[in-house]
Amino acid sequence: MKIPLPGRKRKAIVVAPEAKIGEFVVKMKGITKRFPGMVANDNIDFDVRAGEVHALLGENGAGKTTLMNILYGLYKPDEGEIYIRGQKVNIKSPSDAINLNIGMVHQLFKQVPRHTVAENIALASSHDFFFPGSKVKEKILRISKEFGLKVDPDAEVWQLSAAEQQNVELLKVLCRGAQILILDEPTSTLTPQGKRELFSRLKEMKKRGYAIIFITHKLDEVLKISDRCTILRKGKKIKTIPTSKATKRSLARWMVGREVLFKVKKKPVKKGKIVLEVKKLCVLGDRGETAVKKVSFSIREGEILGIAGIGGSGQGELVEALTGLRKIEEGRLILSGKDVTNVSPRKFVDAGVAYVPEKRIEVGLVPTMSVKENLILKDYRVPPFSKRLFLDRGAINRSAKEKISRYNVIAPSPDTPAGILSGGNIQRLILARETSGEPKLLIATYPTYGLDVGSVESVRELLLKQRERKSAILLISEDLDEIMMMSDRIAVMYEGKIMGIVDAGEVTREEIGLMMTGTPLGEIS
Amino acid sequence: MIIEEIIFVLAVFALGLSLMAFVDAFRAKTQVPTWLKRKKILILIISLAAAVLLASYFELSGTKTGPFLNMAMVFATPLLFGTLGEIYAERSGVANLGIEGMMSTGAAAAIIGAFAAGSAWVGIAVGMISGALLAFVFAIVVIHFRGMQVPAGLGLFIFGLGLSGIIGLAHTGEKLPYVLPTTPIPILKDIPVLGDFLFKHVPLVYFALALVPIMWFILFKTRVGLIIRTVGENPAAADSAGINVYRTRYLCVILGGALAGLGGAFISIAWMGYWLEGMTAGWGWLVIALTIFAIWNPLGALFGSLLFGGVHALEPQLQHLVSPYLLAMFPYLVTLVALIVLLLFYRRLRAPSALLEPYTRE
Amino acid sequence: MLGLKTEKRAVPSPWVELGILGLSVVIALLVGAILLLMQGFNPLHTYSTLFSGAFGSFSALAKTLTKTIPLLLIGVGLALAFKAKAWNIGAPGQMIIGAIAGTGVALFLPFNLPAPVHVALMFIAGFAAGAGLAALCAFLNCKIGLDMVISTLLLNYIVLKLLWYLLFGPWQAPGVGFPYTTALPDSLQLSTIAETIHYPTLIIGIIAVILIHIFVSRTKQGYEIRVFGENPKAAEYAGISRFKITMLVMIVSGGLAGIAGVGEVAGVHHMLKLGVDGSGMAYVSSFGYTAIIVAWLGRRSALGSALAAFFIAGILVGGYGLQTVEGIPYAMVSAILGLILIGLTAGMILTRYKISFGRRRSK
């Protein structure tokens, strides 16, 4: 039915004839994109052939996502040209990109949890006016079979696991006829097994002449799956090289501009008394399901306990329970000998629990308030920052200046609104706030996510320093290397349960991987 | 007559049942844990009891149920228009609090248009257009300028009421000589009770009733509705799928304004027949409450409007029991209580997730 | 966006905010002028009559100051509530219930109390009633998730009907046939300057403004309110109690509205009557709604609130002149006020982004 829709100019789904393997399907020349205060892409040339996986490598902030957002029509380049299959094109919006058979799978899934899989896919890929969900089901089943992506079209997205949601994103793009795929950090939510599956899907697609652009900052993945690799650093293209000629070390060097230390210097620290005891904790998730099932562990002074596990295994809910933001249904929480089960967030703060949240800006910061006002977010109730009723502005100012310099938070002034700081500086601000009070327990969730290498190093150093000062630290990270590097002991969570707690020095990656996917420690021989 | 009362009771009971079915269907799609069966039966019992109570009261006081229901439907109509429109606007992520202003301006503009063109229908059209225009201004402020929706809506409310006072001045209190014809539907109008209730109305009422299933169908069973709902839940997802989020929101807000204006026009032209400053009496705010009560579903809008219309129609019946001034509180009080009750039962009414947030492509 | 280049602003500039304020008023007046022209009135003449009616003579100034009092009280309370994103639209109702409570204490308190004590009790009752009503809405919001916009608004109408009931019913002055109560005894009528400016209420208002200003900028709770208003999730994480904050700001804003209500009864009308909430000419011009605009204009500073209250009071007073002298409907005042608010909302984007007219093609 041809009815003008509120949103899109009607264009038929044009699927280009599959390109011959080896042909250049995408050529980006001289792409430049500026944002206030920085150049995100500086005269970048980038091309992709049909039948290849081309990895786009760089640390966070290097400009990879920006470049691909330009290809997908979410941004307009300030300079430069794009050629698709030899023809110059002007991609003004995602619908233009879609019409050119370009599909993008974003890092943060753009799905509507309340809608079904079919509805989510229909949005992007079908023009049926009536009953959009049902008509597209056929197509979904056909394509999912073709590429081996398992999914139930009638399930509502919130019910799916992260890997299944990933499949939905891929299906969305494929059903729309995409032959040029842009995948932005697709493995961030996957288990080792999930990654393997994804890679075999990609190999399938390669064989059919699809062109795949794989954005990542993970060197192993580049070496494993890509044919060619382009490294970006601070907005500039450093090199494009066939993967066969690259090594981990050389890639790292190009990515960062210097030799990278893969190991962090960890001093042996004598462990003290038990600070946190978690006993058989049960916590419910948002949907009423049991997200944390009888979890027990303890952390001592001077110890880092790392929690490994794929996203959605219950870590988020666990952390919320440990900070008073979520109700504990069963079990007990003991902090320095005192029972703090279900105590209010304020009492946790008062008891010396520091928390570095996953969503820095959403939860950990008040972006419109100044840096100095953000720095007192935890301590404003106690002297020297306040006396009885009033805040002591002088003390706040002095302390802010001191923290800014000690923790190297780069900001024009203590009065600058915190929201305009870069990610790394925001994280250092949060750490400054949380650690300067010598907390007994520090909970750090995904602390280095999305940060540039310099910031990652400084954050890890700060955590280790806190460890030397005898804080107990709970570290949650999706970066297995980080967990293995930083933790004294590692607990692995899967579907809300702890599969095992091991000493970091005595376990291998494979063993952790097995636990992450459901094998309890006892069953690993 | 007893037969009438029986039919009335059955009708209310049927309404109660459909409410449950509606809420059940809604519940299946939400992330709320299943509720105990006790509450469902409670709703059934309450609706049955209320129906029986009312019916006996009517029987005793000699009131005819038919005309009562007819009045209830007339009262419900402007609310129905307004709520249907606001549901679409809020489903796309924009809460328009200025409905009272748009309704008032619609009412005044309709009277002016009717007098000017010599036809009630032209007046109705003018009312709709004026509502749409006001909504358009609001949409620019809220979508284009990314303004906060709450104060912008309040400003629209105050401005709209002022504007209606200005333009309506010339015709204040003047009775419109052109009336919309009451068109009973042949055959159907002779059904006892139900005939009076549904089939003996001005065409606008039929239009409102027809809009309910149509708008429900569009919202949940067509691509247009899917687009609207996605824009209101996760505009980034819609944007990434190639949908123009801004355009969708503009259209929904303007539609909401047109329907609000239509509701106002109904009040001044079809119902009262003249314009008086303040005649919308805060009903625009009831629309906002009813949008939530309807759980952003056109079917719920029908139920909510009828509930309110029924209560309002009940007032004249109770005047010898309670002071008319206290009775005037009823509609607002009942709506408030109904919302509280709904929220007590269903703690997590899920509004469209992106409601009140302006969208910018980052 | 249409050919405009936008750039995020590093530091919000106070000058820009002032500029937006001024611009909104100017645009509102311009649109108002168009409306006037459409109805056949001369805008320049209208506005000058408006101005002289508000500020042109000693008696006009007195009337303006009188109307400033409730606007100031309610406006500063609402500004506080809005800082915490508590949308208290119920000021009209809270004002009326305060007036009712105050009248009740004035007329029906059985004891023979010395006048100052009695008057003080009136104010306290007014505060308590307004605060109580607002607190109810806050409670419903925190505990069952009922939007405050809706609960406060519906209560506006409920309380209004209650007032009608009382004035046409049990509280109606005997033998009169009009919706008034009997007049307050002389001892309970507030002393005034220039016959209308009931300064006790004014003093309460000024104290309230100063206290609230200090409270917000310098105390712990003020800081909490600001954090909560700007980012509720961060506030939760910092241990700030949503319930306490919401309750606090609603009680204060509702209470202040209640006091304003008592002030109108005891200081202006000397009885309880319809229109005590300022809605004499139209319901929407009641002080409770008008104060919303005062609150937005004056949200940054205490002085700002006072100036805004005075300015808006002037518009309200001048509007009467327009109606009686020029025949321009009082609704014009509401139209202009509404436009000011819309303009302010639209202008807010300028505080976050710098806009320049660039040569770039639109997105």
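The values are calculated or read from the model by the stated rules, or taken from the named source; none is laboratory data. Keep in mind that this is a model prediction, so the values were computed, not measured. Ideal geometry is used to build each Cβ from the backbone, glycine not excepted, and the neighbour counts take in all protein chains shown.
Go through the range B:332-357 and report how many residues are of a type outside the set (A, V, I, L, M, F, W, C) and modelled with pLDDT of 85 or more.
3
Take the residues in the range A:368-396 that are at the interface with chain C (Cβ under 7 Å from one of its Cβ atoms) and among the charged types (D, E, K, R), then tell me which one is nearest to the chain's Cα centre (by Cα). Break it down stepwise before answering.
Kept after step one, since they are at the interface with chain C (Cβ under 7 Å from one of its Cβ atoms), are these residues of the range A:368-396: A:368-369, A:377-378, A:380-381, A:386, A:389-391.
Those still in the list that are among the charged types (D, E, K, R) too: A:378, A:381.
Details: A:LYS378: 26, A:ARG381: 33 Å.
Among those residues, the one meeting the criterion is A:LYS378.
Say we look at the range C:302-344 and pick out the residues that are farther than 30 Å from B:HIS171 by Cβ and without any contact (Cβ under 8 Å) to a residue 12 or more places away in the chain; which of these is farthest from the chain's Cα centre (by Cα)?
Taking the range C:302-344 as the starting set, the residues that turn out to be farther than 30 Å from B:HIS171 by Cβ are C:302-311, C:313-314, C:344.
Checking which are without any contact (Cβ under 8 Å) to a residue 12 or more places away in the chain leaves us with C:303-304, C:307.
Details: C:LEU303: 16, C:GLY304: 14, C:LEU307: 13 Å.
Going through the qualifying residues, I end up with C:LEU303.
Name the residue, out of B:GLY278, B:GLY261, that is of a type in the set (Gly, Ala, Ser), crowded, with 18+ Cβ neighbours inside 10 Å and in the same structural domain as B:HIS201 (by TED's automatic domain parsing).
Residue meeting the stated conditions: B:GLY261.
Being away from chain C (no Cβ under 14 Å) and surrounded by fewer than 23 Cβ atoms within 10 Å (Cβ to Cβ) is the requirement here; does B:THR183 meet it? Don't jump to the end; show me each part of the working.
Numbers: away from chain C (no Cβ under 14 Å): yes; surrounded by fewer than 23 Cβ atoms within 10 Å (Cβ to Cβ): yes.
Answer is yes for this residue.
Out of the residues in the range A:503-525 that are touching a Phe, Trp or Tyr at 6+ places or on another chain (Cβ under 9 Å) and at pLDDT 75 or above, which is surrounded by the most Cβ atoms within 10 Å (Cβ to Cβ)?
Here the residue is A:MET515.
Among helices (runs of 4 or more DSSP H) lying entirely in the range B:235-300, which contain 3 or more residues that are among the aliphatic types (A, V, I, L, M) and within 14 Å of chain A (Cβ to nearest Cβ)?
Counting at least 3 such residues, we get B:235-240, B:245-265.
I'm trying to understand the selection: among the residues of the range C:75-131, which are among the hydrophobic types (A, V, I, L, M, F, W, C), under 27 Å from B:GLY155 (Cα atoms) and part of a loop (DSSP other than H, G, I, E, B)?
C:ALA84, C:ALA86, C:TRP87, C:ILE89
If a residue must be free of Cβ contacts under 8 Å to residues at least 40 places away in the same chain, of a type outside the set (Phe, Trp, Tyr) and not in a loop (DSSP other than H, G, I, E, B), how many such residues does the range C:167-192 contain?
Number of matching residues: 1.
Is it the case, given these coordinates, that A:ILE404 is surrounded by fewer than 21 Cβ atoms within 10 Å (Cβ to Cβ), of a type in the set (A, V, I, L, M) and over 30 Å from A:GLY312 (Cβ atoms)?
The answer is no for A:ILE404.
When the range A:174-213 is examined, which residues are found to be more than 22 Å from the chain's Cα centre (by Cα) and on the phi > 0 side of the Ramachandran plot?
Selection gives A:GLY177, A:GLY209.
Checking B:ALA354 against (1) within 21 Å of the chain's Cα centre (by Cα); (2) crowded, with 16+ Cβ neighbours inside 10 Å; (3) not assigned by TED's automatic domain parsing to the domain that holds B:SER104: exactly one of these is not met. Which one?
(1)
Go through (1) in a helix (DSSP H, G or I); (2) within 30 Å of the chain's Cα centre (by Cα); (3) surrounded by fewer than 21 Cβ atoms within 10 Å (Cβ to Cβ); (4) more than 9 Å from chain B (Cβ to nearest Cβ) one by one and return the number of the condition A:GLN107 breaks.
(1)
Whether any residue in the range C:253-271 is in a helix (DSSP H, G or I), over 30 Å from B:LEU169 (Cα atoms) and without any contact (Cβ under 8 Å) to a residue 60 or more places away in the chain is what I want to check.
The answer is no, given that none of the residues of the range C:253-271 is in a helix (DSSP H, G or I), over 30 Å from B:LEU169 (Cα atoms) and without any contact (Cβ under 8 Å) to a residue 60 or more places away in the chain.
So for the range A:80-96 (the condition being in contact with a Leu (Cβ under 7 Å, 6 or more places away or on another chain) and at the interface with another protein chain (Cβ under 10 Å from one of its Cβ atoms)), does at least one residue qualify?
yes
Check whether at least one residue in the range C:107-124 is under 25 Å from B:ALA95 (Cα atoms), surrounded by fewer than 17 Cβ atoms within 10 Å (Cβ to Cβ), of a type in the set (Phe, Trp, Tyr) and out of contact with any strand residue (DSSP E or B) (no Cβ under 8 Å at 6 or more places or on another chain), and report yes or no.
no
Which one of the conditions (1) part of a loop (DSSP other than H, G, I, E, B); (2) more than 9 Å from chain C (Cβ to nearest Cβ); (3) without any contact (Cβ under 8 Å) to a residue 60 or more places away in the chain does B:PRO316 fail to meet, given that it meets all the rest?
The failed condition is (1).
For the range A:418-426, indicate whether the set of residues that are outside the structural domain of A:LEU322 (by TED's automatic domain parsing) and part of a loop (DSSP other than H, G, I, E, B) is non-empty. Even if it seems obvious, please write down each step before you answer.
Residues of the range A:418-426 outside the structural domain of A:LEU322 (by TED's automatic domain parsing): A:418-426.
After this cut, where a residue has to be part of a loop (DSSP other than H, G, I, E, B) as well, the list is A:421-422.
Taking every residue of the range A:418-426 in turn, at least one turns out to be outside the structural domain of A:LEU322 (by TED's automatic domain parsing) and part of a loop (DSSP other than H, G, I, E, B).
How do the pairs read when you match residues in the range B:136-157 that are closer than 15 Å to B:MET102 by Cα and modelled with pLDDT of 95 or more with residues anywhere that are among the β-branched types (Val, Ile, Thr) and surrounded by fewer than 24 Cβ atoms within 10 Å (Cβ to Cβ), using Cβ under 8 Å and keeping only pairs 6 or more apart or on different chains?
Close Cβ pairs satisfying both conditions: B:PHE136/B:ILE254; B:ALA139/B:ILE254; B:LEU156/B:VAL137.
If A:ILE213 passes every condition in (1) assigned by TED's automatic domain parsing to the domain that holds A:TYR72; (2) of a type outside the set (D, E, K, R); (3) surrounded by fewer than 21 Cβ atoms within 10 Å (Cβ to Cβ) but one, which one does it miss?
(3)
Collect the residues in the range A:50-78 that are modelled with pLDDT under 90 and part of a strand (DSSP E or B), keeping them in residue-number order.
Matches in the range A:50-78: A:LEU57 only.
Determine which single condition A:TYR355 fails, assuming it passes every other condition in (1) in contact with a strand residue (DSSP E or B) (Cβ under 6 Å, 6 or more places away or on another chain); (2) at the interface with chain C (Cβ under 8 Å from one of its Cβ atoms); (3) at pLDDT below 90.
Unmet for A:TYR355, out of (1) in contact with a strand residue (DSSP E or B) (Cβ under 6 Å, 6 or more places away or on another chain); (2) at the interface with chain C (Cβ under 8 Å from one of its Cβ atoms); (3) at pLDDT below 90: (3).
State all residues of the range A:314-352 that are facing chain C (nearest Cβ under 10 Å), surrounded by 15 or more Cβ atoms within 10 Å (Cβ to Cβ) and outside any helix (DSSP H, G or I); if no residue qualifies, say none.
A:THR323, A:GLY324, A:LEU325
I need the full set of residues from the range C:256-277 which are within 28 Å of B:GLY101 (Cα to Cα) and surrounded by 24 or more Cβ atoms within 10 Å (Cβ to Cβ), in order please.
Within the range C:256-277, C:LEU256, C:ALA257, C:GLY258, C:ALA260, C:GLY261, C:GLU264, C:VAL276, C:ASP277 meet the criteria.
For the range C:308-332, how many residues meet the condition of being part of a helix (DSSP H, G or I) and within 14 Å of chain B (Cβ to nearest Cβ)? Full working, then the answer.
So in the range C:308-332, the residues part of a helix (DSSP H, G or I) come out as C:308-326, C:331-332.
If we keep only those that are within 14 Å of chain B (Cβ to nearest Cβ) as well, we get C:312, C:315-316, C:319, C:322-323, C:326, C:331-332.
Total meeting the criteria: 9.
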